[in-house]
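Working notes for the structure below.
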């Protein structure tokens, strides 16, 4: 009987989850199996793999043949490395103690690397959620500046009137009414100062706001480098990205230096359209269903291939 180490699909639609099983090669993919030795969840970043290394190693020694995906998982978890070390022990190239020490060191280094990557992904997601859920910037009204500046002027007018009235009363009491009448025009420039400072409103500064670039990193699948690349090609706002086609964006990525061509911009314009419309709740809900900006079914298919 030919025995396979392979994946058995579980989970619901667009949320795949796999069992790693030992099964007869003639059995259906999701049918009867001999033993379950682990699980594989590709929906997390990095993917979550729970594998019984000892049972997987025993079945390899018994002649079980892993599928391509199962072989990649066994390699990732160190089962194939252990088999390689045991081959060296059998040939006398090293002792069992040396092989065990090398195997333990390899496992420790691998787990540390996975933990570091998991922590980095968690920090990046926390930063992204903080950026998306942040409070909007306060934009001052174009008339706020002049109004605020007029208020002191009104206070000056009031104090000026009071001072004129007081000066007039004092002058009349002293018999110097003509001088009091002449003093009032001398103070008039104080009232004219407010209109002279009206340009502080800076209407052109308000017109610059629509030209500011949007943070394209809010689109899942776009990082700082890609955002800079798109900005250099005239796509610096959500509206500009929404108006572009996935093919035109893919052409920009392909023509750029580096490995940008490996990214899939299929969903970027649609995400940008939702961001430009301010529909952040719907965008966040959809992004939870994406994997690196790609539709989950396509991402899972690429991983399995």
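Only the coordinates and a few stated rules stand behind these numbers; no lab work does. For clarity, every value in this text was computed on a predicted model and none was experimentally measured. Here the Cβ positions follow ideal geometry from the backbone for every residue, glycine too, while neighbour counts run over all protein chains shown.
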On the formula 1/(1 + (r/R0)^6), with r taken between the Cβ atoms of residue 100 and residue 72 and R0 of 30 Å, the FRET efficiency rounded to 0.05 is 0.80
Mind sorting 40, 103 by how few other Cβ atoms lie within 10 Å of their own Cβ, fewest first?
103, 40
Peptides ranked, highest mean first, by Cβ atoms within 10 Å: ranges 45-51, 248-254
248-254, 45-51
Over every pair of different alpha-carbon atoms in segment 212-304, take the mean of 1/r and invert it; report that Kirkwood radius in Å.
13.3 Å
Fewest-first sequence of 241, 85, 61 by Cβ atoms within 10 Å of each Cβ:
61, 85, 241
Which of rounded, prolate, oblate describes segment 224-268, given a ≥ b ≥ c as roots of the alpha-carbon gyration tensor eigenvalues and a/c under 1.5 marking rounded, otherwise prolate only if a/b is larger than b/c?
oblate
Amide N proximity, segment 252-282 versus residue 239 label position 7 Å along Cα-to-Cβ, cut-off under 19 Å
269-280
Cα Rg, Dmax, segment 3-129, angstrom units
16.9, 55
Estimated FRET transfer efficiency (residue 15, residue 129; beta-carbon r; R0 25 Å; 0.05):
0.75
